[in-house]
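Following: one structure in structure tokens, then a few remarks.
The values are calculated or read from the model by the stated rules, or taken from the named source; none is laboratory data. Small disclaimer: the values here were computed from a predicted structure and weren't measured. Cβ sites come from the backbone with ideal geometry, for glycine too, and all protein chains shown count toward neighbours. Protein only, heavy atoms only, side chains kept; ligands, DNA and RNA dropped before computing areas. Shrake-Rupley method; radii C 1.70, N 1.55, O 1.52, S 1.80 Å.
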Amino acid sequence: RGCPYTCEFCCGRDSKMYHSVKLPGGILRAHTPERIVAELDDMNKNFGLESFMFYDDEFNLHPERTKSLCHALKKRNYTFRGFVKSDLIVRHPEVATAMKEAGFVEVLTGVESGSERILGRHLHKKTSPELNYMAAMICLENGLGFKALTMIGHVSETPRDVMDTRDWLIRTGKVFYDKLGPEHFTFDLTVFQPYAGCPIWDKAEK
């Protein structure tokens with residue numbers, strides 16, 4: 001549990017536990033690879049489950065730990081999906097390779113917007129449309145499906161910003177469609193909603 005990033009739309013930012021996670025190193029509340037594999041085996045034995053979703057805030061938050069976990073996971077014949085941070089995929093592409101070898105079939109990441117202005121000025125994502133595209137291409141090279149989580153209705157968003165998101169999805173999706181097929185690139189498009197406890201909510205109240 002915990003995430004060192006400062007995305008404006010994410011609640012829990014006042015939690016000391018959330019901010020205790022730093023890159024690299026720092027405090028990370030996580031089970032050991034052995035404990036995780038044991039839980040998966042238990043669910044497989046008792047319920048017949050063979051496919052699992054990792055809901056970690058960011059599965060690839062600590063690259064060395066992620067690679068260690070993937071090494072343990074590849075000893076089983078399970079399949080996985082999980083949330084990742086795109087800038088960490090770009091900085092540590094070997095993690096995408098380890099995830100593929102471990103049985104991951106798809107990663108999900110918060111692309112949020114195809115507008116550089118929205119990502120930087122309003123969301124504080126510490127990413128960019130081009131960096132998100134690079135992360136998608138690294139996943140493509142490793143045969144990983146890619147799901148882009150996007151939003152519209154951001155603060156000060158213009159029609160051009162919305163079209164930038166559309167254009168990013170078309171540009172990225174076309175490469176996947178041409179090389180792996182349409183089932184390997186998916187996205188969702190949600191309407192932005194500020195929730196109590198997130199920085200954007202606090203700013204809106206003021």
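This table checks each residue for (1) assigned to a helix (DSSP H, G or I); (2) modelled with pLDDT under 95; (3) under 26 Å from G114 (Cα atoms); (4) in contact with a helix residue (DSSP H, G or I) (Cβ under 6 Å, 6 or more places away or on another chain).
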| residue | (1), (2), (3), (4) |
| --- | --- |
| D57 | no, yes, yes, no |
| N60 | no, yes, yes, yes |
| E64 | yes, yes, no, no |
| L69 | yes, no, no, yes |
| A72 | yes, no, no, yes |
| F80 | no, no, no, no |
| L88 | yes, yes, yes, no |
| K100 | yes, no, no, no |
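If the condition is being over 18 Å from L119 (Cβ atoms) and in a strand (DSSP E or B), then region 182-206 contributes F185, T186. Considering (1) open to solvent by less than 10 Å² (accessible area, probe 1.4 Å); (2) more than 17 Å from F187 (Cβ to Cβ); (3) within 14 Å of the chain's Cα centre (by Cα), say which one D57 fails and leave the rest. Status for D57: all satisfied but (1).
Checking region 105-122 against the condition returns a match, with at least one residue being surrounded by fewer than 17 Cβ atoms within 10 Å (Cβ to Cβ), within 17 Å of the chain's Cα centre (by Cα) and not in a helix (DSSP H, G or I). Can you name the residue in region 126-176 that is among the β-branched types (V, I, T) and not in a helix (DSSP H, G or I) and is also least open to solvent (accessible area, probe 1.4 Å) among such residues? Selected residue: T150. Select from region 183-206 the residues that are farther than 18 Å from M151 by Cα and under 20 Å from the mean Cα position of the chain (by Cα) and list them in ascending order. Answer for region 183-206, where residues must be farther than 18 Å from M151 by Cα and under 20 Å from the mean Cα position of the chain (by Cα): E183, H184. Residues considered: V111, V107. Of these, the only one that is of a type in the set (A, V, I, L, M) and within 25 Å of E34 (Cβ to Cβ) is V107.
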